[in-house]
Structures are given as C-alpha cells and as structure tokens.
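The values are calculated or read from the model by the stated rules, or taken from the named source; none is laboratory data. Fair warning: this is a prediction, and the values are worked out from it, not measured in the lab. A quick note on method: Cβ atoms are made from the backbone with ideal geometry, for glycine too, and the neighbour counts reach across all protein chains shown.
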Amino acid sequence: MNLYEKIWFLQVKSTKIRNVIQQYIMEDLASKFLAKYKDNFLKKLKNTDNNSVISSLRNTSGNDQNFINQVIQLKNEHCYIYYNNDHLQSLILETLNLALIYDNIDKEVSKQSENKKADEIDHEEILIKELLRYFKDDFFKWTNQPDCSSCGKNDNQQFLRGERPNTEEFNRDSKCGHVEVYKCNSCGTITRFPRYNSPAVLLETRQGRCGEWAALFTYILVSFQVRTRYIWNKEDHVWCEYFNTKEKRWIHLDSCEKAYDEPHIYARNWNKKMSYVIGFSDTGIADLSRKYVDNVNKGNMINRSSMRNDEEMYKLVTALNNDIRSSYPPDLRFSLHQEDEKEYLNLNYPNGSPTKTHEFDTKGRQSGSAEWVSSRGEGGN
C-alpha cells in the first residue's frame, strides 16, 4: 500500500469512526430526552384531575354538554364491555363457519405465494379481507324492512311507528332502545323489528342495518384476537378499524360495503356530509375526523360546532383516555400516549394516513335501498 492509499484508508476509517460516534451521541441524547419526556408525562398524570377537566369542559361556553355526554356514553359502551368477555368470543367462534373461512385463507396464501416471498405475505390482512367477504356474502343480511312474520313477504311492508321495546325484547337485549313497527299490506300482520345491539343476540338474528353490522363485525374481529376499534360518526353511520401489525397503522373497515382501507369512501364516494368521527377501543378513544372528513370536498365538511374548538376536543379525548387507562402500568400508559401522539401528527399534517379510495368514484352507498340511501344524502354525486 503506497502513501496515498494509506492516507485515503485513514480518512475513510476516521470518517466511519466519527459517524459511529455521532450516531451514538444522537441515540444517547434521544434516549435521555425520551426518558425525561416520559417522567414529565407521568408526573403530569398524577397531578391531573380528569373529572375536573371534564366538568370544566361541560361548563365552558361554546361546548355542547349533550355532545360531551354522548361521547362519554359511547366510551362506556364500547371501551369496556365486550373486550374481555371470553364466553362471548367463544360463542362467536363456535357460530362462524371456520372451516370455510380458513379454507379460503389457505387458497389466498397459496395464490400469493406464487409471486411473493413468505415474509412478504400479510396473513393478518388476508384474514381480515376474508372475514369481510364472509360476513357480507355468507353470514349477515341487510334489512331495509323486516319480512312479514306471518306470510314472509318483504316488498309490501308499511312502516307504522317507532316505539320502546316490550318486556320480552328488553330481556333479550337490555341495550335495545328502539323498535320499528310494520304492517303487512298483503295479510295485515303487524311485525316488530327490534334494533338489537348485543353481539350475542345478533349472532341469532343475523340481520340489521349499519348499527347491527358494525356492532357484530367489530366483536368478530376481537374474537380473532385482532386489535380493533369501533368508529362512530355524529351524522349517523358506524364502522370499525383494525390495527395492522405489519404496517403499524389503523386500517378502515366497513362490513356493510365490504370496504378495506378506504377512509374517504364516505366523503368522496357517498358525498356524505360529516363533522365528528371518533374511534373507541379497549385502550382508548381518538378523534379521527381528519382521517374521514375529506378536505378535498369542502362542501362535505360540516362545521364542528359541538366543541368550541379543536383544542377543547383534544382536551376531552385526553381526559377520557386518562380515565380509561387509570389502572394501567406506567410503561403501558406512556406507550399508548406515544401511539396517540404519533397518530395525531399523522392525521393533522400533510403526509397522513394512506388511502386506496378512488377519488372520482361517485357511485354512492351500495348497502340499503335506493330510497333509504337518498334520504340520508349518501347516494354520491
């Protein structure tokens, strides 16, 4: 090795050493900063009275108390009840045709194996897509109006009224708050259509509209040990999401439409006008409005007037999450807080969550009768 080669070798080696040292210093600084941030976060939690925060939000001029109470009620319904119900999860798995589901999964894995490496195949995504297909095509039925309980006809049912559930209906599902009453114009029979919410009951009835579809499908995913959250829209629609462990992000699912990863389907395809969209899971809630209320179609953005501003909404979400996680270990609370902040940044800054929605697809909603879809303003452009 001549002199010039030795000089070049030493320069390269010193550069590599310097880069390693710089990387070590940056990683050390980042680790110390994160530890300090975690310490401050946990101290702040100890000094925060969540009940006082919520009470203050209720009493703040410009905040709608009814909206705040509604969000709290939804939290109580969807963040605690079913996620740790082993009996319900077993019942769901016993009811589904698992042989058919897994047979179709095996076929799809074999198909993808032809042009993908084993570690490139997302088995979780394949499972979710098959559950979407099975639920819509083979298991659950959309109900515009119920079949006549006497003659079985469906096309001549006249809606009479809505009323509270009777004793039998309430005992079957205490969460059933509304019953639609129909008269058959063919035979004159009165048929009641209780709007059940209990997944156990829906496993038996296997029919309903978006509320029933989302309620049962959400807990089917939970039964498969998939991390799931229930999504509520203030303008009367519900669906769900699951956390894809390979992509490390929440992915939109709508069982009514058999839609996968299409968060803008409502604003762009349905032409639906929306304000608030909130997700509920066993570990917390999230304001997902910016994910679903599309900035492209400005005319579809309803004024978010239920809270004085977005900062007030952020305070409400944070207080409710602190309440949900109050019994969690400190490390888990901090980990979930980091996840919340990462999602918040992704949704509130330009490079947000990816979408596969076709921007110019204006076919409108596919589930439900044309008259019903039109009455809800979800028929597309």
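Here is how the numbers come out for the structure above:
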read-out: Residue check, Val181 in contact with a helix residue (DSSP H, G or I) (Cβ under 7 Å, 6 or more places away or on another chain), surrounded by fewer than 24 Cβ atoms within 10 Å (Cβ to Cβ) and either closer than 26 Å to Tyr344 by Cβ or among the hydrophobic types (A, V, I, L, M, F, W, C) (or both); value: no
read-out: Selection status of Ile231, over 12 Å from the mean Cα position of the chain (by Cα), surrounded by 22 or more Cβ atoms within 10 Å (Cβ to Cβ) and in the same structural domain as Asn346 (by TED's automatic domain parsing); value: no
read-out: Scan of the range 187-204 for residues that are over 19 Å from Gln89 (Cβ atoms) and either in contact with an Asp or Glu (Cβ under 9 Å, 6 or more places away or on another chain) or modelled with pLDDT of 95 or more (or both), ordered by number; value: Thr191, Arg192, Phe193, Pro194, Arg195
read-out: Boolean, Leu216 is in a helix (DSSP H, G or I), touching a residue at least 40 places away in the same chain (Cβ under 8 Å) and touching a Leu at 6+ places or on another chain (Cβ under 7 Å); value: yes
read-out: Matching residues, the range 167-212, being among the aromatic types (Phe, Trp, Tyr) and either assigned by TED's automatic domain parsing to the domain that holds Tyr230 or more than 24 Å from the chain's Cα centre (by Cα) (or both); value: Phe170, Tyr182, Phe193
read-out: Cβ-Cβ under 6 Å pairs, at least 6 apart or on other chains, the range 49-61 side closer than 14 Å to Asn322 by Cβ and in contact (Cβ under 8 Å) with a residue 24 or more places away in the chain, far side in a helix (DSSP H, G or I) and acidic (Asp, Glu); value: Asn50/Asp323
read-out: Members of the range 150-173 found to be polar (S, T, N, Q), part of a loop (DSSP other than H, G, I, E, B) and farther than 14 Å from Asn185 by Cβ, listed by number; value: Asn166
read-out: Unique residue being surrounded by fewer than 18 Cβ atoms within 10 Å (Cβ to Cβ) and either under 12 Å from the mean Cα position of the chain (by Cα) or small (Gly, Ala, Ser) (or both) when the list is Ser223, Ser335; value: Ser335
read-out: Residue list for the range 56-80, restricted to those being of a type in the set (Phe, Trp, Tyr) and modelled with pLDDT under 90; value: Tyr80
read-out: Test for Lys136: is it crowded, with 18+ Cβ neighbours inside 10 Å, within 19 Å of the chain's Cα centre (by Cα) and of a type in the set (Lys, Arg); value: yes
read-out: Among residues of the range 280-299, those that are crowded, with 21+ Cβ neighbours inside 10 Å and outside any loop (DSSP other than H, G, I, E, B), counted; value: 8
read-out: Residue within the range 340-357 that is assigned by TED's automatic domain parsing to the domain that holds His264, in contact with a strand residue (DSSP E or B) (Cβ under 6 Å, 6 or more places away or on another chain) and either modelled with pLDDT under 60 or assigned to a helix (DSSP H, G or I) (or both) present; value: no
read-out: Verdict on Glu241 being charged (D, E, K, R) and closer than 15 Å to Asp282 by Cβ; value: yes
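Conditions (1) hydroxyl-bearing (Ser, Thr, Tyr); (2) modelled with pLDDT under 65; (3) outside the structural domain of Asn303 (by TED's automatic domain parsing), marked per residue:
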| residue | (1), (2), (3) |
| --- | --- |
| Gln11 | no, yes, yes |
| Ile17 | no, yes, yes |
| Lys44 | no, no, yes |
| Ile54 | no, no, no |
| Tyr82 | yes, yes, no |
| Leu88 | no, no, no |
